[in-house]
Amino acid sequence: MDLATRILIVDDDDGIRKLISSFLEKNGFLTSVASDPVAMRASMAKQRPDLIVLDVMMPGEDGLTALRGLQAPGAPPVIMLSAVGSDIDRIIGLEIGAEDYLAKPCNPRELLARIRTVLRRRGRETETASTAASVPTAMTIVAEPIGEGRPLLRFNQWSLDPEGFSLYAPDGATVPLTEGEFQIMRALVEHPRRVLTRDQLIEYARGGDSDSFDRAVDVQVSRIRRKLAAKDGQELIRTVRNEGYMFTASVVRR
């Protein structure tokens, strides 16, 4: 994964840029650096990075504003760095589209681990999407009843198959979810219009794709939201400040 993988580091602190760049190159990555979002976009125009490490607090255009412009299909994943590290900034960054969020100063080894995790996850999602795209369109539309007779949880024309570990969009297409994402999605759908704390969601999401940090829940909820938004413009998962998350749609079991 590393040898031909390019990381773009965007930070107004020259010392931090050099430190991260040097450490990542020693661990087999290619790196580019930029001092602000303008330089970031100029660098991306020359060569597309595989991942961006983006600072939040920069003079002029800040990292959160720059992140909004990195949400087009096919855009590289982003890990945010921030000296502020508040819950609000972290949640906003994840909801806008960041894959992960790390407070500064950070241990370079932890950043390296986060980068590798995001790249592995993106690789799995790309592989899943490619596999789905290779199947004829007629095969991606699932005729009723979805779930082969198993009870389904229905909401806004969506169908969740708890036993089959599958989520079906209103058009019948299967929406790929990791194990952790599916467990969180199931927890929210099974408890509609009720606030679930991060600790409660962690208990539901125990498994190979989750860990014991509430940050992991925020990241996975953010990814679920993006996948739902691609098929449905409504806000199905609401953030309840200082409490957790709530699934807003009515759910029926059929």
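The values are calculated or read from the model by the stated rules, or taken from the named source; none is laboratory data. Note that the structure is predicted; figures quoted are calculated from it, not measured. Glycine also receives a Cβ, built like all others from the backbone with ideal geometry; neighbour counts cover every protein chain displayed. Note: accessible area is taken over every heavy atom of the protein model, side chains too, but ligands, DNA and RNA are not part of it. Shrake-Rupley method; radii C 1.70, N 1.55, O 1.52, S 1.80 Å.
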Residue within the range 184-197 that is part of a helix (DSSP H, G or I), open to solvent by 10 Å² or more (accessible area, probe 1.4 Å) and modelled with pLDDT of 85 or more present: yes
In the range 107-120, residue most open to solvent (accessible area, probe 1.4 Å) [restricted to those that are closer than 17 Å to LEU8 by Cβ and over 16 Å from the mean Cα position of the chain (by Cα)]: PRO108
Some residue of the range 213-221 being within 19 Å of ALA98 (Cα to Cα), at pLDDT 90 or above and not charged (D, E, K, R): no
Pairs with Cβ under 6 Å, 6+ apart, first in the range 88-117 and more than 18 Å from LEU64 (Cβ to Cβ), second of a type outside the set (Asp, Glu) and in a helix (DSSP H, G or I): PRO108/PHE23
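Every residue, every condition in (1) farther than 20 Å from LEU67 by Cβ; (2) more than 22 Å from the chain's Cα centre (by Cα); (3) outside any helix (DSSP H, G or I); (4) at pLDDT 95 or above, yes or no:
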position	(1), (2), (3), (4)
ASP2	yes, no, yes, no
LEU8	no, no, yes, yes
ARG17	no, yes, no, no
GLY28	yes, yes, yes, no
VAL33	no, yes, yes, yes
Check on ASP232, modelled with pLDDT of 85 or more, among the charged types (D, E, K, R) and farther than 24 Å from VAL118 by Cβ: no
Residues (surrounded by fewer than 22 Cβ atoms within 10 Å (Cβ to Cβ), among the charged types (D, E, K, R) and within 27 Å of ILE92 (Cβ to Cβ)) located in the range 7-59: ASP12, ASP13, ASP14, ARG17, ASP36, ARG41, ARG48, ASP50
